[in-house]
1. Say we look at the range 23-41 and pick out the residues that are closer than 17 Å to Trp92 by Cβ and either of a type in the set (Phe, Trp, Tyr) or surrounded by 13 or more Cβ atoms within 10 Å (Cβ to Cβ) (or both); which of these is nearest to the chain's Cα centre (by Cα)?
2. Out of the residues in the range 92-118 that are surrounded by fewer than 16 Cβ atoms within 10 Å (Cβ to Cβ) and farther than 18 Å from Ile42 by Cα, state the one that is modelled with the highest pLDDT.
3. Being acidic (Asp, Glu) and not in a strand (DSSP E or B) is the filter; apply it to the range 63-118 and report the residue that is nearest to the chain's Cα centre (by Cα).
4. Whether any residue in the range 48-57 is buried (at least 16 other Cβ atoms within 10 Å of the Cβ) and either modelled with pLDDT under 90 or in a loop (DSSP other than H, G, I, E, B) (or both) is what I want to check.
5. May I ask you to say which residue of Glu61, Glu48, Glu43 is of a type outside the set (A, V, I, L, M) and touching a residue at least 60 places away in the same chain (Cβ under 8 Å)?
6. Looking at (1) of a type outside the set (Gly, Ala, Ser); (2) modelled with pLDDT under 95; (3) in contact with a Leu (Cβ under 8 Å, 6 or more places away or on another chain), which is the only condition Thr22 fails?
7. Please go through (1) touching a helix residue (DSSP H, G or I) at 6+ places or on another chain (Cβ under 7 Å); (2) within 21 Å of Asn118 (Cβ to Cβ) for Leu100 and return the number of the only condition it doesn't satisfy.
8. When you go through Leu6, Leu10 one by one, which is the residue that is modelled with pLDDT under 90 and exposed (fewer than 10 other Cβ atoms within 10 Å of the Cβ)?
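The values are calculated or read from the model by the stated rules, or taken from the named source; none is laboratory data. Only a predicted model underlies this, so the values are computations on that prediction, with no experimental measurement involved. With ideal geometry, Cβ positions are generated from the backbone for all residues, glycine too; neighbour counts draw on all protein chains shown.
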Amino acid sequence: MIRAALALALLLPGAALAQEVTAAPGAVLRALDRISGLTTDIELAAGETAVYRRLSITLAECRYPPEDPTSKAYARLVIIDTTSAVEKFNGWMISDSPALSAMDDSRYDVWLLRCKIN
């Protein structure tokens, strides 16, 4: 429902303006184990894959607007459950709207914190 509303807003004239973005060499993600309550920060370079528990997380790219690099990052991620080979997420995550494009897993949660600029 939210995605449909967002798509409709983007189609309306003047609803969204094109935003200039810059590619970053990597990203910082945060993973949460909902059972233990422990969080882990994961740093990935573009094209790199990290394993967190039973999840394989691949960062394709991270982009950010030059005027606000700390809060408005966009990362293209592929997250696979290695025990069942099921793709849990494949798409763009947005750092300032994590619920807009969230990963669907009963135990783990992964979200984008920011692009890694340096």
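1. This residue is Leu29.
2. Filtering the range 92-118 for residues that are surrounded by fewer than 16 Cβ atoms within 10 Å (Cβ to Cβ) and farther than 18 Å from Ile42 by Cα, the one modelled with the highest pLDDT comes out as Ser106.
3. Asp96
4. no
5. The conditions single out Glu43.
6. Result: Thr22 passes all but (3).
7. Of everything listed in (1) touching a helix residue (DSSP H, G or I) at 6+ places or on another chain (Cβ under 7 Å); (2) within 21 Å of Asn118 (Cβ to Cβ), Leu100 misses just condition (2).
8. Testing whether each residue is modelled with pLDDT under 90 and exposed (fewer than 10 other Cβ atoms within 10 Å of the Cβ) leaves just Leu10.
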